[in-house]
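These notes concern the structure reproduced below.
The values are calculated or read from the model by the stated rules, or taken from the named source; none is laboratory data. Remember, predicted model here, so these are calculated numbers, not experimental data. With ideal geometry, Cβ positions are generated from the backbone for all residues, glycine too; neighbour counts draw on all protein chains shown. Only protein heavy atoms, including side chains, enter the accessible area calculation; ligands, DNA and RNA are left aside. Shrake-Rupley method; radii C 1.70, N 1.55, O 1.52, S 1.80 Å.
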Amino acid sequence: MLSAGSKLGPYEVLGPAGAGGMGEVYRARDTRLGRDVAVKVLPEAFARDAERMARLRREAQVLASLNHPNIAAIYGFEDSGATHALVMELVEGPTLSAHIKQGAIPVEEVLPIAKQICEGVEYAHERGIIHRDLKPSNVKVTPDGHVKVLDFGLAKAIEGDSSATNIENSPTLSAMATRAGIILGTAAYMSPEQAKGKAVDRRTDIWAFGCVLYEMLAGRMAFGGETATETLAAILKSEPDWSQLPSATPAQVHVLLRRCLEKDPRQRLRDMGDARIVLEECISGAPKYSSLLVAPPILLAPRPWWRGLLPWTLTAIAVTAALALFFQRKAPAVPPLKLEINVDKLMTDWSSNPQISPDGQTIAYQAGNDLFVRNLDQLNPRKLYSFATPGHVMFWSPGSESIAFADQGKLFRIPAGGGPSTQICDLPEAILGGAWAEDGEISVSSWRGDMYEVPAQGGDVKRRGLLAPQTEVDFHEVSLLPNGLGLAYIVHEVSGVARLDALSRGTHKTMFSRKGWWLGTPVYSPPGEILFEKTSTNDPRPSIWAILFSKSKLEATGEPFLVTGQGMSPSVSREGTLIYEVPDPPEQAQMIWVSRNGKVVGSVGEAQPGLAFPKISPEGKRVAIAAVTPSGVEDLWVYDMARGVRTQLLPASGERYGFQPSWTSDGSHIVFSAINDIREELFLEAADGSGVLRDLMPGGAPQMSERGDYLAYTREKSAAASSEAGSTQVCYVAFNAAKFQSEGQPVCLANTSATDNSLRISPDEHYAAYTAEEGGQIQIFITGLPGGGGRWQVSVDGGQSPVWSHHGNELYYIAHNSMMEVKVATGSRQLSAPVNLFSLEGLHPAFPQFLGGSIFDISRDDQRFLIVQCGRNTARKNRRGSELV
């Protein structure tokens with residue numbers, strides 16, 4: 001026992017504050033910082049165990065990185081003689097356990113408490129940290145109603161006595177988290193897998209949260225017994241007494257509890273964010289349906305994803321039979337269909353928008369550059385076609401016998417059972433979606449353009465003329481309404497408003513619109529909803545929503561409601577089978593230095609999610625790069641390599657994404673591109689974050705020339721010629737380095753590629769390297785400046801992301817996952833044959849597609865390459881892309 005007034009290093013003990021399963025807790029004064037703290041003194045037996053102390057210190061270092069208003073912070077360790085203590089944030093107020101001992105908590109008080117618990121646990125889960133011992137005694141509620149979760153993650157490192165008779169406060173049971181057969185957790189709140197001594201993940205915390213939520217509402221534990229053994233038996237064999245829940249408990253919370261307390265972790269709620277969303281809906285009173293009112297998703301392909309410009313990774317494709325069950329309609333029970341795909345062998349590169357056939361029997365998907373189909377009653381997929389590049393629009397024929405797809409600027413169809421492909425037409429611009437109607441008419445929607453129609457058997461492509469260029473940007477993912485009623489599609493307006501529109505027999509109607517939401521992939525679902533994907537500036541995570549649809553009135557009714565808080569790219573068959581992609585939190589990425597022989601020779605900064613587009617400053621001491629904040633929002637960062645310091649350049653707001661930086665010639669400012677209200681624009685910001693952010697012009701993928709006289713960038717042709725809306729070109733413009741502004745008219749190169757939009761000006765500013773399509777492949781070319789005089793091909797077998805050496809006599813680029821080099825004698829226009837410097841296979845690079853820009857950079861002495869390395873085959877891609885590993 002420590003007495004009041006005693007000292008523990010700089011901490012003066014003020015008095016006891018309670019006891020926990022791993023030691024006495026005291027209130028103390030931090031004499032250095034002038035604040036009160038909680039000091040948890042470790043038991044002597046624990047402190048003498050060097051292995052457990054080392055493990056606890058390691059875990060505490062990780063947990064100290066948690067910074068969230070609903071998580072009690074860990075400040076550090078303090079050792080004083082034989083006394084060892086953990087110093088933590090002092091949280092005023094009683095524990096949740098003390099609240100519950102006074103009786104069940106009213107529902108209107110339970111919901112905000114539970115929501116705050118969710119927010120804290122969700123934050124930690126996104127950082128790979130599991131609580132493992134969530135219970136009412138580890139939750140405090142301050143007098144003003146603020147919730148703090150205590151002892152986050154410490155259960156992994158402590159060992160207690162499993163024989164305690166007070167089950168609610170029983171000490172944490174057992175110790176080595178990695179040793180099979182050892183139980184970890186507190187008896188009354190253990191998940192079944194935890195009670196069996198199996199490995200645990202975030203679903204264990206979700207189970208414990210369900211126990212805590214039930215106990216708040218019912219005033220009694222969900223699973224109890226006189227001994228730990230009886231309690232564990234109840235967890236493994238019994239169900240909670242649902243009749244004990246108060247009658248005022250919302251229906252959504254009833255379902256939430258059942259989903260949290262599923263004994264099979266595969267059928268349990270998979271993400272704490274889904275629980276948070278349901279509670280937010282209940283608190284706000286709208287909408288009346290929630291993401292938990294669904295049959296558990298069936299995983300087809302566990303593996304990592306990321307949403308276009310958000311660097312997440314695809315975890316799964318979820319399938320649920322009989323979508324009517326999603327919305328609590330009366331329907332016969334349909335057994336779930338469970339399938340698994342060996343994604344390591346079958347989905348090794350990039351996947352986008354998996355599509356289920358109208359008859360519900362087959363799934364089509366893309367993996368790498370290949371188009372696959374797989375019957376739901378078979379184990380093995382069949383490859384139908386190989387694309388020139390990854391990521392293409394595809395859609396089924398109404399009879400499920402054929403698939404239409406876009407490739408190399410053309411629209412094709414191919415039998416789903418296999419056979420040669422047939423060209424339907426040349427496409428006027430890049431498309432985002434297609435719908436094949438019963439009458440044989442195909443409609444396609446375009447990126448930054450209008451909607452078109454063409455007969456499935458081939459013929460002339462006709463522009464529908466729906467786009468209003470002054471107010472609308474483009475149409476997304478057109479799909480069919482039932483019974484030949486017409487088409488549903490998404491319209492994005494210049495103002496940032498997103499609309500769900502319908503076209504039927506010449507009548508064009510808006511069914512739903514919302515500013516600040518990004519919408520995509522609308523699909524009709526029986527018996528009467530339209531599902532769509534949604535993200536927003538406040539919540540960049542993709543989710544699937546639905547809105548009720550009246551076929552007789554051709555309009556949506558009511559407000560949108562959530563189907564699942566984690567999902568994208570929904571696809572629904574005629575009878576209601578839904579498939580969708582399921583996102584997972586971002587993987588860590590690391591900037592590495594790679595020598596000319598392919599060896600890793602160093603790193604820059606710390607690992608961080610979503611690193612992309614590194615750009616080294618002119619003096620070679622700093623790196624500008626896009627990355628993701630802990631809250632999942634993209635931003636720009638500057639790393640000072642000499643001092644080891646990183647600076648967040650902008651206040652991450654979620655209003656902009658898709659950042660690509662470039663330095664001004666003096667290194668004082670950064671020109672960067674970002675998408676703002678769905679338009680890509682160029683901005684200028686001081687490299688130290690001071691000054692005022694300046695909007696330069698529409699454009700993307702910027703590169704300042706080394707002398708600072710030119711700014712190269714990409715732009716949509718719609719900015720110059722509305723007749724060519726949807727096409728992209730690469731341009732450059734004179735730049736006044738003194739005034740930090742462009743001058744004169746831009747020069748845009750013809751026949752450039754929308755796939756890798758890269759234009760890179762040579763150090764002497766006499767030449768530019770760029771990408772363009774040639775013979776069905778993206779190749780690297782060089783042209784003279786100014787004016788684009790001449791054109792000669794650099795690459796032989798495709799290439800992307802050209803980067804000049806600082807001496808100007810070499811050009812580097814990526815081809816077939818290898819770093820290539822070409823010697824360039826620009827004066828005589830002599831080029832060497834491309835040389836493969838090294839393979840990128842073993843480096844696991846994060847190379848985005850369809851965003852242009854420099855996906856690597858080179859040191860000032862041209863001897864090292866700066867590359868982003870991350871988890872195996874993880875990559876950033878465009879908004880519609882996903883990564884399957």
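Restricting to the stretch 81-93, give me the number of residues that are within 21 Å of Lys148 (Cβ to Cβ) and out of contact with any Pro (no Cβ under 9 Å at 6 or more places or on another chain). Even if it seems obvious, please write down each step before you answer.
Initial filter on the stretch 81-93 (within 21 Å of Lys148 (Cβ to Cβ)): 85-93.
After this cut, where a residue has to be out of contact with any Pro (no Cβ under 9 Å at 6 or more places or on another chain) as well, the list is 85-91.
The total comes to 7.
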Next on the checklist: Tell me whether the stretch 574-589 contains one or more residues that are closer than 30 Å to Ser705 by Cα and open to solvent by less than 30 Å² (accessible area, probe 1.4 Å).
Outcome noted: yes
Checklist outcome for this item: When every residue in the stretch 439-492 that is in contact with a Ser or Thr (Cβ under 6 Å, 6 or more places away or on another chain) and of a type in the set (Phe, Trp, Tyr) is compared, the one modelled with the lowest pLDDT is Phe475
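What residue, of Lys115, Lys101, Lys135, is basic (Lys, Arg), crowded, with 23+ Cβ neighbours inside 10 Å and either more than 24 Å from Arg48 (Cα to Cα) or modelled with pLDDT under 85 (or both)?
Working: Lys115 fails: crowded, with 23+ Cβ neighbours inside 10 Å; Lys101 fails: crowded, with 23+ Cβ neighbours inside 10 Å.
Exactly one residue qualifies, and that residue is Lys135.
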Checklist outcome for this item: Here the qualifying pairs (Cβ atoms under 6 Å; residues six or more apart or on different chains; first in the stretch 430-447 and outside any strand (DSSP E or B); second among the aromatic types (Phe, Trp, Tyr)) come out as Ala430/Trp447
Checklist entry - Val794 versus (1) modelled with pLDDT of 90 or more; (2) open to solvent by 10 Å² or more (accessible area, probe 1.4 Å): which is the lone unmet condition? => result (2)
Item to check | Candidates Arg57, Arg32, filtered to the one that is among the charged types (D, E, K, R), outside any strand (DSSP E or B), within 28 Å of Phe209 (Cα to Cα) and open to solvent by 30 Å² or more (accessible area, probe 1.4 Å) | outcome: Arg57
Next on the checklist: Name the residue that is least open to solvent (accessible area, probe 1.4 Å), counting only residues in the stretch 439-488 that are of a type in the set (D, E, K, R) and in contact with a His (Cβ under 8 Å, 6 or more places away or on another chain).
Outcome noted: Asp474
Checklist entry - Only one of these conditions is not met by Val91: (1) in contact with a helix residue (DSSP H, G or I) (Cβ under 9 Å, 6 or more places away or on another chain); (2) modelled with pLDDT of 85 or more; (3) open to solvent by less than 30 Å² (accessible area, probe 1.4 Å); (4) not in a helix (DSSP H, G or I). Which number is it? => result (1)
Checklist outcome for this item: Scanning the stretch 623-651 residue by residue, the ones that are buried (at least 23 other Cβ atoms within 10 Å of the Cβ) and at pLDDT below 85 total 2
Item to check | Those residues of the stretch 744-763 which are modelled with pLDDT of 90 or more and assigned to a loop (DSSP other than H, G, I, E, B), in sequence order | outcome: Ser762, Pro763
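Only one of these is in contact with an Asp or Glu (Cβ under 7 Å, 6 or more places away or on another chain), of a type in the set (A, V, I, L, M, F, W, C) and part of a helix (DSSP H, G or I): Ile117, Ile113, Ile100. Name it.
Working: Ile117 fails: in contact with an Asp or Glu (Cβ under 7 Å, 6 or more places away or on another chain); Ile113 fails: in contact with an Asp or Glu (Cβ under 7 Å, 6 or more places away or on another chain).
After applying the criteria, what remains is Ile100.
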Checklist entry - If you go through the stretch 834-872 one residue at a time, how many are in a loop (DSSP other than H, G, I, E, B), of a type in the set (A, V, I, L, M) and either at pLDDT 80 or above or surrounded by fewer than 22 Cβ atoms within 10 Å (Cβ to Cβ) (or both)? => result 2
Checklist entry - (1) without any contact (Cβ under 8 Å) to a residue 24 or more places away in the chain; (2) within 24 Å of Lys148 (Cα to Cα); (3) under 41 Å from the mean Cα position of the chain (by Cα): which one isn't true of Pro16, the others all being true? => result (3)
Checklist entry - Is there a residue in the stretch 773-782 that is in a loop (DSSP other than H, G, I, E, B), modelled with pLDDT of 85 or more, surrounded by fewer than 19 Cβ atoms within 10 Å (Cβ to Cβ) and on the phi > 0 side of the Ramachandran plot? => result no
Next on the checklist: Would you confirm whether or not the stretch 367-386 contains a residue that is basic (Lys, Arg), closer than 23 Å to Tyr524 by Cβ and modelled with pLDDT of 85 or more?
Outcome noted: no
